[in-house]
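Encoded as C-alpha cells, the structure appears first; notes follow it.
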Amino acid sequence: MSAVRLSAADIETRLRSALAPEALAVEDDSHHHAGHAGAREGGHFTVRVTSVRFAGLPRLARHRLVYDALGSLGAQGVHALAIVARAPGEPE
C-alpha cells in the first residue's frame, strides 16, 4: 500500500484556516530524501509560520498548534515536518 502524497498546498490550506498567519511558507523537501526508507511513508516538509496565536507560547506548544491544525493530514502523508513557528515581531 502506498502512502497518500500530500502537497505543500494541502498543508498551507489547513494552516491558513486554523492559524490565520501573517506569514506562511510551506516547502516540500521530499526530493532531498528520495531513496531514504522514510520517503515511502510520506513527504518531508518545512513550515515557516508567523501567527499571533504563538504569542507567549513556548516552542512545544507552538508545534502542537501546527500539528493540531494539520489534524488527520499529518498521519496520512507526512513523514517529517520541520517547523519554524514565530509570533509577529520575533526575530528569525
Only residues that are within 12 Å of the chain's Cα centre (by Cα) and at negative phi: list them for region 51-74, please. 62, 63, 64, 65, 66, 67, 68, 69, 70, 73, 74
Could you tell me whether region 52-69 includes any residue that is among the basic types (Lys, Arg) and at pLDDT below 95? no
Filter region 28-51 for residues that are surrounded by 14 or more Cβ atoms within 10 Å (Cβ to Cβ) and in contact with a Ser or Thr (Cβ under 9 Å, 6 or more places away or on another chain); which is modelled with the lowest pLDDT? 39
Considering only region 15-27, how many residues are free of Cβ contacts under 8 Å to residues at least 60 places away in the same chain, in contact with a strand residue (DSSP E or B) (Cβ under 9 Å, 6 or more places away or on another chain) and surrounded by 13 or more Cβ atoms within 10 Å (Cβ to Cβ)? 8
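The values are calculated or read from the model by the stated rules, or taken from the named source; none is laboratory data. Source: prediction; values computed, not measured. So basically every Cβ, Gly included, is an ideal-geometry build from the backbone, and we count neighbours across all protein chains shown.
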